[in-house]
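**Student:** Got a structure for you, questions after.
Values quoted throughout were computed directly from the atomic coordinates according to the rules given, and no laboratory measurement underlies them. Not measured: the values here are computed from a predicted model. Don't worry about glycine lacking a Cβ; one is built from the backbone with ideal geometry, like all the others, and counts go over all protein chains shown.
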Amino acid sequence: MTEIVFYALAAMALGGAIGVVLKSNPVASLLSMVGTLASMAGIFVLLEAHFLAAIQVMVYAGAIMVLFLFVIMLLNLGHDYEPDLRRGIGQFLAFGVVGTIAGLLARQLRGAEDNPVYQFFPGPEGMDRLLAEEGIVGAIARPLFTDYVIAFELVGLLLLVALVGAVALAKRRV
């Protein structure tokens, strides 16, 4: 059952990410991003990383999305968003249904030992061992500042450039 939920959440995250890029309206794009971040928080819960799921919801889906919404409101970009939003909900749900069906098919076609999800993530037993060895801070901080440090810094830089660009655009209009 966990695999099916994982595939459904992964499909919803993928559908939301595609919606972020394809939506012409920035408000609809922002709502697609919130759906993507919520799906990622669900995946963190499945991996028993509840702290990361809570941070994902509070920091990214909460604070960062509110900040983006204020930038959109500051630039006055959100015009005529209702038709785009109604169409997007159906697409978001369609990705969830496709992910659930793909999860069911993947479970039937191969066994749990061949499941590609378990090749990249240690699972509950591996996480318990990692937490016993390094503690919660070490288990989160070591990969973040060793394996993923470039991605971490690029995301911070991207957010900074987006904010400076939004302020520069807003300042020109005022």
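**Student:** Please list 3J(HN,Hα) in residue order for the range 54-69, calculated via the Karplus relation 6.51 cos²θ - 1.76 cosθ + 1.60 where θ = phi - 60°; whole Hz, with x for glycine and proline.
**Tutor:** 5, 5, 4, 6, 6, 7, 7, 6, x, 5, 5, 5, 5, 4, 4, 5
**Student:** Another question, if that's okay. Between Leu67 and Glu125, what FRET efficiency comes out of the Förster formula 1/(1 + (r/R0)^6) with R0 = 45 Å and r the beta carbon distance, rounded to 0.05?
**Tutor:** Working: r = 38 Å, r/R0 = 0.85.
Here the calculated transfer efficiency is 0.75.
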